[in-house]
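**Q** First the structure, which I've put down as structure tokens, then a few questions once you've had a look.
Taken together, the values in this text are just the output of simple stated rules run on the coordinates, not laboratory data. Quantities reported herein were computed from a predicted structural model and do not represent experimental measurements. Quick reminder, even Gly has a Cβ in these numbers, built from the backbone with ideal geometry, and neighbours come from all protein chains shown.
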Amino acid sequence: MGNKVVVLDIGHGGRDSGAIGIKTQEKNNNLTLGLKVGKILQQHGVTVNYTRDTDKDFCPNSYDVNIDLTNRIAIAKQYNPDVYCSLHNNAFNKQAKGIEVHCFKFGGGDQKLAQRVLNQLSNLNFINRGTKASNFYVLRKFDGTNTDACLVEYGFIDSEEDAILANMDNASVAISKGVLEHLGIKYKEPITSTIQSTINDNNQGSEIKMETCVVYFSPADFSSALIISNLNKSCAMFCRNASSSFNSDVLKFSKIITVGGPKLNVNGEIYLSGNGASDTLIAVSKYLQGK
């Protein structure tokens, strides 16, 4: 049996912002969540394709939602995926809250996929709004195919934006677990030992072979730092013990990415931070969109 194939449809993008919160736009939250989910699935041997992995829409000329959706699904179908999962934030009246997962209709593989994803997401501190059968275009277009499809509405951006941002890591793990279960793949917990720089101690001078390092400010910033680290083929990570204290080995790297806290004020520094872990995650997301 060959590798399983998943398409992550990261909702909205480009000229289509999706729903808008106080701090973020839905399109950016979807992108952050989607890249996290994709990374976890890839670590389990799944072939992951994205409808988008940057901030873009799917209209060659003026924006038209029908053209956007048509082209989006055409991209997804070309991969003939086993699973299609569309990622969104919800919005309604600034009072509704919770997570729901949609399928096109009940009674088949789509519902099983949606329920498995929701079962995992229900472990988060969100209201469980259940699985719903919905006539969404992106779901309808997979009806009668070999692809099981679902659409995740991860929280209401107009009423629980902070919770959405704070739980990105947990949500990405939950969605990944649900998809993996549906594919018959056992989820493996990541190794959580302290990540240290790779130094060639056998050579005099402890010459570091890597060029990039990530320095994060606090445990709350670790998940944001890990996103950056995972996108670099060879990257070290350091935790700062205090706002003005960091491992001197940091200075041996030509590219230093600071995540959270004040600037290090060193050569080659890329500074990604904000007022707390949530704002730092937003800064990381914007940085990734510009790469």
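**Q** If each of N66 and T47 carries a label point 7 Å out from its Cα toward its Cβ, how far apart are those two points in nm?
**A** The answer from the label model is 3.4 nm.
**Q** Here's a follow-up. Going by C-beta contacts inside 10 Å, put V138, V214, V5 in order with the fewest on the left.
**A** Numbers: V138 20, V214 29, V5 17.
Fewest to most other Cβ atoms nearby, the residues stand as V5, V138, V214.
**Q** Order of 218-226, 40-48 by packing, highest average Cβ count within 10 Å first?
**A** On the way: 218-226: 19.9, 40-48: 17.8.
Highest to lowest by the protection proxy: 218-226, 40-48.
**Q** With contacts defined as alpha carbon pairs under 8 Å and 6 or more residues apart, what's the relative contact order of the chain in percent? Write out the running numbers ahead of the final one.
**A** Values: 566 pairs, mean separation 47.3, N = 291.
The value is 16 percent.
**Q** Could I ask something else about it? Within 9 Å, Cβ to Cβ, of D143, how many net charges do the neighbouring residues add up to if Lys/Arg are +1 and Asp/Glu are -1? Don't skip to the answer; put the middle values down first.
**A** Details: positive: K105, R140, K141; negative: D110.
Combined, the nearby Lys, Arg, Asp and Glu give +2.
**Q** What would the Debye equation give as log₁₀ I(q)/I(0) for segment 34-146 at q = 0.09, 0.17 Å⁻¹, counting only Cα atoms as equal point scatterers?
**A** Rounded to two decimals, the profile gives -0.28, -1.03.
**Q** Moving on to the next point. Let me check the size of the chain from its C-alpha atoms; what are the radius of gyration and Dmax in Å?
**A** Final numbers for Rg and Dmax: 20.0, 65 Å.
**Q** Let me ask you something else. Take the alpha-carbon positions of segment 114-182, form their convex hull, and give its projected area averaged over all directions (one quarter of the hull surface) in nm².
**A** Details: hull surface 20.2 nm².
With the hull built on Cα positions only, its mean projection is 5.1 nm².
**Q** At a Förster distance of 22 Å, what's the computed FRET efficiency of K186 paired with N230, Cβ-Cβ distance as r, to 0.05? Present the calculation step by step, with values, prior to reporting the outcome.
**A** Numbers: r = 21 Å, r/R0 = 0.96.
After rounding, the FRET efficiency stands at 0.55.
**Q** Could I ask something else about it? Add -39500 (n - 2.57) for each DSSP H run of 4 or more in the chain, then divide by its residues: what number comes out at 222 nm, to the nearest 500 deg cm²/dmol? Display every interim value, and only then the final one.
**A** Working: 8 runs with 92 residues, N = 291.
It lands at -9500 deg cm²/dmol.
**Q** At what distance in nm do the modelled label points of I75 and Y271 sit from each other, each positioned 7 Å from its Cα along Cα→Cβ?
**A** Distance between the two pseudo-spin positions: 3.4 nm.
**Q** Within a Cβ distance under 11 Å of L180, other residues only, what is the Lys/Arg minus Asp/Glu net charge? Display every interim value, and only then the final one.
**A** Numbers: positive: K4, R116, K177, K186, K188; negative: E181.
Here the count lands on +4.
**Q** For D162 and N119 in the same chain, what is the full-extension length gain: residue separation times 0.36 nm, less their Cα-Cα distance, in nm?
**A** Values: separation 43, 0.36 × 43 = 15.48 nm, distance 2.21 nm.
Contour length minus the Cα-Cα distance gives 13.3 nm.
**Q** Convex hull volume of the Cα atoms in segment 27-98, per residue, in Å³? All intermediate terms of the calculation are to be shown ahead of the outcome.
**A** Details: hull volume 8.9 nm³, N = 72.
Taking the convex hull of the Cα positions in segment 27-98, it is 124 Å³ per residue.
**Q** Sticking with this one: Given C-alpha coordinates of segment 212-289, what is the ratio Rg to Rh with the Kirkwood estimate of Rh?
**A** Details: Rg = 11.0 Å, Rh = 12.1 Å.
Rg/Rh: 0.91.
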